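K.L.:
Below you will find the structure I want to go over with you.
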Amino acid sequence: MAEPRELEEARRRLARAESDLESQDGLKWLAEGLGLLEDAIAGGSTSAARTARNLAATYAARIYEKVGRAVAQDPQLPEPRLEHYFKVVLAFDEVRESLPASATKLKVAVVRALIDRYYEGHPPEVKRRVLEELRALEPDGGSVSGA
């Protein structure tokens with residue numbers, strides 16, 4: 001039995017997104033591919049939904065790992081790149097059940113790095129207050145290191 005067209009198209013778009021993740025086009029292809037997977041999960045056959053979940057989990061793991069590595073390796077990533085990475089990881093909220101266990105920690109790490117950029121030159125107490133607000137949003141009560 002042939003794979004549904006929406007899954008074939010999702011594979012194409014996700015492959016393009018992964019290969020060009022740093023660009024706005026890559027982000028667009030990611031969002032479109034994930035949207036097609038979400039459609040298959042919500043309205044496809046049991047087999048198509050299972051395949052779509054597996055594809056979402058596979059791409060989420062690979063792309064989250066790639067973004068996580070970039071953020072961890074370069075503490076001085078420029079603000080536009082961090083903002084782009086934040087949009088990339090948020091795109092996966094479409095298929096939330098397929099996210100890796102580290103998803104929230106990565107989102108917080110990206111936001112924490114953005115806070116460092118946004119609040120550079122501001123009084124330390126202002127930055128500290130924003131970081132406290134971020135910790136309050138974390139599901140584990142703020143045990144993610146940093147600040």
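Computed from the coordinates by the stated procedures, all read-outs in this text should not be read as laboratory data. Here the structure is a predicted model, which is why all the values come from computation and not from measurement.
K.L.:
Just to confirm the number: angle between the C-alpha axis of helix 5-19 and the first principal axis of the chain, 0 to 90 degrees, nearest 10?
P.N.:
It works out to around 40 degrees.
K.L.:
Please report the projected area of the chain's Cα convex hull averaged over all directions, in nm². Present the calculation step by step, with values, prior to reporting the outcome.
P.N.:
On the way: hull surface 36.9 nm².
Reported value for the Cα convex hull: 9.2 nm².
K.L.:
Still on this structure: Between the helical axis of 24-43 and the dominant principal axis of the chain, each derived from Cα atoms, what acute angle in degrees is found, rounded to the nearest 10?
P.N.:
With both axes taken from Cα atoms, the answer is about 50 degrees.
K.L.:
I would also like to ask the following. What is the angle, in °, between the Cα long axis of helix 103-118 and the longest principal axis of the Cα atoms in the chain? Nearest 10 is fine, range 0 to 90.
P.N.:
The angle comes out near 40 degrees.
K.L.:
Please list the radius of gyration and Dmax for region 80-121, considering alpha-carbon atoms only, with Å as the unit.
P.N.:
11.3, 39
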